[in-house]
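Trainee: The structure follows.
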Amino acid sequence: MKISARNVFEGTITALSIGPVSAEVEVVTAGGDRLVGTITQGSVQSLGLAIGKAAFAIVKASNVMIMTESASVKLSARNCLTGTVEKIVEGPVSAEVVLKLPGGAQVFASITREGAEALGLKPGAAATAVIKASSIIIGAAD
């Protein structure tokens, strides 16, 4: 599979909650990272999703927010992945931030350069990638 999204998390479906219109799909990677995506019930059926099935959680870097000092923050976003800033590539307007998660995976975020500066992001600093469940695309292995 070739795809332009920078974040592709391969894992296994560990939970599936189906409602009348939408469903929540939980994918856990080999490194233990947990991502929850919301998709339509029709997509669950057309992809043949089931607990134990191999799947992908896919997120565009532009849909990843970065936060620091998150200890006392409560968010409605379902996916908060804490790691260490591995790399920052700054451009005139935006910055690409690469977080290394404890399980070994990387998360790519495209944020404003001003935002990266305001957060004081530097390699080695702790940070959290925040991803709304509705921003996650679920893919299934054949």
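The values are calculated or read from the model by the stated rules, or taken from the named source; none is laboratory data. Computed from a predicted model, the values in this text were never measured in an experiment. We place every Cβ from the backbone using ideal geometry, glycine too, and count neighbours over all the protein chains shown.
Trainee: Could you grab the pairs with beta carbons closer than 9 Å, sequence gap of 6+ or different chains, first residue in region 13-31 and assigned to a loop (DSSP other than H, G, I, E, B), second one among the polar types (S, T, N, Q)?
Mentor: Pairs that qualify, where the first residue is assigned to a loop (DSSP other than H, G, I, E, B) and the partner is among the polar types (S, T, N, Q), are 19/41; 20/41; 21/40; 21/41; 30/12.
Trainee: Select from region 69-86 the residues that are among the hydroxyl-bearing types (Ser, Thr, Tyr), outside any strand (DSSP E or B) and surrounded by 14 or more Cβ atoms within 10 Å (Cβ to Cβ) and list them in ascending order.
Mentor: 70
Trainee: Go through the residues of region 87-96 one by one and say whether even a single one is in contact with a strand residue (DSSP E or B) (Cβ under 6 Å, 6 or more places away or on another chain) and assigned to a loop (DSSP other than H, G, I, E, B).
Mentor: no
Residue by residue, here is whether (1) of a type in the set (Val, Ile, Thr); (2) at negative phi; (3) buried (at least 18 other Cβ atoms within 10 Å of the Cβ); (4) modelled with pLDDT of 95 or more holds:
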residue	(1), (2), (3), (4)
16	no, yes, no, yes
25	yes, yes, yes, yes
33	no, yes, yes, yes
40	yes, yes, no, yes
44	yes, yes, yes, yes
56	no, yes, yes, yes
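Trainee: Further question: Residues that are assigned to a loop (DSSP other than H, G, I, E, B), touching a helix residue (DSSP H, G or I) at 6+ places or on another chain (Cβ under 7 Å) and touching a residue at least 24 places away in the same chain (Cβ under 8 Å): does region 33-45 have at least one? Walk me through it before giving the result.
Mentor: Here is the first cut: in region 33-45, the ones assigned to a loop (DSSP other than H, G, I, E, B) are 33.
Those still in the list that are touching a helix residue (DSSP H, G or I) at 6+ places or on another chain (Cβ under 7 Å) too: none.
No, region 33-45 contains no residue that is assigned to a loop (DSSP other than H, G, I, E, B), touching a helix residue (DSSP H, G or I) at 6+ places or on another chain (Cβ under 7 Å) and touching a residue at least 24 places away in the same chain (Cβ under 8 Å).
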